[in-house]
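Okay, so here's the structure we're looking at.
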Amino acid sequence: MVSELVALLRQPDRDRLELVLADDVRFHSPVADYRGRDDVAHLFTTIARVLESLEPVRELTAGRERATFVSGAVRGRTVEGVLDEHRDPAGRVVEVTLMLRPLSVLRVAVGEMAAALEADPLPSRVGRRERSA
């Protein structure tokens, strides 16, 4: 069975993400850590736009933890890595870590993510802007 999170990174479904992610889900990446369902769901949508493809290669599951080794592409360049997830007893994702390599391709992906998030900020950042205005 393909990881539900890999499937949602390939084709995000906001309603499904809201059911799968815990309210206080934490997302770890090489760039920063993020917290909260709204921000993490938004990140999944943004990551899906940056990754041209993402395929599971192998999965390891132990209880409520799963590691999915993935292969994909960013601007035609191959990227590989792992998507780790930890779920609570109710089955909702409470922690996600996405690590990709090689570093040269990761830099390209991070640049594209930064541009995408500048154009379409995380919900928590939009809320901060509205409160400070």
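The values are calculated or read from the model by the stated rules, or taken from the named source; none is laboratory data. Please read all numbers here as calculations on a predicted model, not as lab measurements. So basically every Cβ, Gly included, is an ideal-geometry build from the backbone, and we count neighbours across all protein chains shown.
Considering 126, 110, 82, 96, the condition of being within 17 Å of residue 42 (Cβ to Cβ), modelled with pLDDT of 95 or more and of a type in the set (A, V, I, L, M, F, W, C) is satisfied by 96 alone. The condition of being in contact (Cβ under 8 Å) with a residue 60 or more places away in the chain and at negative phi holds for only one of 108, 94, 74, that being 94.
Considering the range 45-66 alone, what residues qualify as being in a helix (DSSP H, G or I), surrounded by 14 or more Cβ atoms within 10 Å (Cβ to Cβ) and of a type outside the set (Ser, Thr, Tyr)? Those that are in a helix (DSSP H, G or I), surrounded by 14 or more Cβ atoms within 10 Å (Cβ to Cβ) and of a type outside the set (Ser, Thr, Tyr): 47, 48, 50.
Quick check on the range 32-44. Is at least one of its residues in contact with a strand residue (DSSP E or B) (Cβ under 6 Å, 6 or more places away or on another chain), touching a residue at least 60 places away in the same chain (Cβ under 8 Å) and assigned to a strand (DSSP E or B)? Yes, the range 32-44 has at least one match. Inside the range 86-102, residues that are surrounded by fewer than 14 Cβ atoms within 10 Å (Cβ to Cβ), of a type outside the set (D, E, K, R) and within 23 Å of residue 19 (Cα to Cα) make up a count of 3. Of all residues being out of contact with any helix residue (DSSP H, G or I) (no Cβ under 8 Å at 6 or more places or on another chain) and within 19 Å of residue 26 (Cβ to Cβ) in the range 67-85, which is surrounded by the most Cβ atoms within 10 Å (Cβ to Cβ)? Just the residue, please. Across the range 67-85, the extreme among qualifying residues is 81.
Given the structure, is residue 93 more than 15 Å from residue 29 (Cα to Cα), of a type in the set (Val, Ile, Thr) and touching a Lys or Arg at 6+ places or on another chain (Cβ under 7 Å)? In short, yes. Condition check for residue 25 on (1) surrounded by fewer than 18 Cβ atoms within 10 Å (Cβ to Cβ); (2) under 23 Å from residue 125 (Cβ atoms); (3) at pLDDT 95 or above: one failure, at (1).
With respect to residue 25, is the statement that it is over 10 Å from the mean Cα position of the chain (by Cα) and in a loop (DSSP other than H, G, I, E, B) true? Answer is no for this residue.
No other residue among 39, 33 is of a type outside the set (Ser, Thr, Tyr) and touching a Leu at 6+ places or on another chain (Cβ under 6 Å) apart from 39.
Evaluated against (1) within 17 Å of residue 7 (Cα to Cα); (2) loosely packed, with under 14 Cβ neighbours inside 10 Å; (3) not aliphatic (A, V, I, L, M), residue 118 falls short on exactly one condition, (1).
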